Amino acid sequence: MAYVNMDDVIQIIPEFKAVDSSLKEYQNALSLNYQEMVKEFTEKQDQLSTKDTLNFTKSQLDAKRIGLSDMYNRIQGYQQQASKMFQDRQRELMAPILKSANELIWKIAKEHGYTYVLLKEALVVYPQADDIFPFCKQKLGIR
């Protein structure tokens, strides 16, 4: 029986850095869109807090407030949608990485005669000698 930290294995898969970078860029783009929406909302909200509102009729003010409320709801919806979009992209891009990590662990287990490989994250006590991560690094040519 052996163990390994799956996060460590994932991070040494050669394609991981490119996927991680791509996910960070995607998250930044989603975040930028969100920030722009919030900025526009804040500007419109600030406009309703100035003396300039004295020039508007009650119905104009009500329409602007309803528009602001709708914008707020769109922002909240976008936040939820962006979170789902990111999770979907992450799942899509990480699937081959996870597959490679699992295949690597299977190969190491077979080569070294391990019938069980547990996730280190699930263990409380474990002997240092049964960690297969060094074998994973060696198999990928990492020192």
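All of the numbers you see were taken from the coordinates with simple rules; none came from a lab. Quick caveat, the model's predicted, so the values are computed rather than measured. Glycine gets a Cβ as well: all are built from the backbone with ideal geometry, and neighbour counts include every protein chain shown.
What the table shows:
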{"quantity": "Tally of Lys pairs whose C-alpha atoms are under 20 Å apart, taken over the chain, 8 or more apart or cross-chain", "calculated": "21"}
{"quantity": "Relative contact order (%) - criterion: Cα under 8 Å, at least six apart; region: the chain", "calculated": "57 percent"}
{"quantity": "Spin-label model distance (nm) - Asp70 vs Gln138, 7 Å beyond Cα toward Cβ", "calculated": "6.6 nm"}
{"quantity": "Separation of alpha-carbon centers, segment 1-45 and segment 68-141, rounded to whole Å", "calculated": "14 Å"}
{"quantity": "Residue among Tyr114, Tyr26, Tyr126 with the largest mean-square fluctuation in a Gaussian network model of the chain, springs linking Cα atoms under 10 Å", "calculated": "Tyr126"}
{"quantity": "Crossing angle, helix 58-111 versus the chain [Cα axis fit, 0-90 degrees, rounded to tens]", "calculated": "10 degrees"}
{"quantity": "Listed candidates [x] 1.34; [y] 1.01; [z] 1.76 - label of the one calculated as Cα Rg over 2.2 N^0.38 Å", "calculated": "[z]"}
{"quantity": "Backbone N under 20 Å from the Tyr78 label point (7 Å along Cα→Cβ), restricted to segment 23-58", "calculated": "24-48"}
{"quantity": "Full-extension gain in nm, Glu15 to Val124, via 0.36 nm per residue minus C-alpha separation", "calculated": "36.2 nm"}
{"quantity": "Cleavage-rule hits (GluC sites (Glu not before Pro)) in segment 1-98: DSSP loop, at most 10 neighbouring Cβ within 10 angstrom", "calculated": "none"}
{"quantity": "Total charge dipole magnitude, the chain, about the Cα centre, Cβ charges on Lys, Arg, Asp, Glu only, Debye to nearest 20", "calculated": "120 debye"}
{"quantity": "Label-point gap, in nm, between Ala63 and Trp106 - each point 7 angstrom along Cα→Cβ", "calculated": "6.4 nm"}
